[in-house]
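The values are calculated or read from the model by the stated rules, or taken from the named source; none is laboratory data. Fair warning: this is a prediction, and the values are worked out from it, not measured in the lab. With ideal geometry, Cβ positions are generated from the backbone for all residues, glycine too; neighbour counts draw on all protein chains shown. Areas reflect the complete protein model, heavy atoms only, side chains present, ligands, DNA and RNA absent. Shrake-Rupley method; radii C 1.70, N 1.55, O 1.52, S 1.80 Å.
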Amino acid sequence: MFVYQFILEVQDGCSTYEHKEFVLAQNDAIASRFAREFARHWRPNATYDAELDIYSAPEGWPQWTLAQCKPITHLIVPIAGQWSNVRVALVPESQATP
């Protein structure tokens, strides 16, 4: 199993932002399918424009698209009280040794 991060690019009127999520999946295809389903149900009663690859809330805003879905093995996180970062490995608990 691998950890994947997928990102929805969201436009809500004048503002644009990213909504990030994580999923554990056996492979890229399963992770991508999950991310698409998540995007489709992110807001209730969303519609999908296949030509533009954009989801929309019933009132028209916000609109979003699935920007990426990729496996990740590390995160870069800040160290509290310091002006530095550290790279942290991600290991599913079922694969970690005690």
Query raised in the report: Any idea of the accessible area per residue across the chain, 1.4 Å probe, to the nearest Å²?
Result: 72 Å²
**Report entry** Inter-probe distance in nm under a simple model that places probes 7 Å from Cα toward Cβ, at residue 88 and residue 24
**Finding:** 1.7 nm
**Report entry** Efficiency of FRET between residue 1 and residue 79 - r from beta-carbon atoms, R0 30 angstrom, step 0.05
**Finding:** 0.60
Requested in this report: Let me have the 222 nm mean residue ellipticity of the chain computed from DSSP H runs of 4+ only, each contributing -39500 (n - 2.57), with the sum over all residues rounded to the nearest 500.
Outcome: -4500 deg cm²/dmol
Query raised in the report: In terms of the Cα gyration tensor, with a ≥ b ≥ c the square roots of its eigenvalues, is the chain rounded because a/c is under 1.5, prolate because a/b exceeds b/c, or oblate?
Result: oblate
Requested in this report: Label segment 17-57 by shape, choosing from rounded, prolate and oblate, from the square roots a ≥ b ≥ c of the eigenvalues of the Cα gyration tensor; if a/c is under 1.5 it is rounded, and otherwise prolate applies when a/b is larger than b/c, oblate when it is not.
Outcome: prolate
Query raised in the report: On full extension of the chain, what length is gained from residue 57 through residue 14, given 0.36 nm per residue of separation minus the C-alpha to C-alpha distance?
Result: 13.9 nm
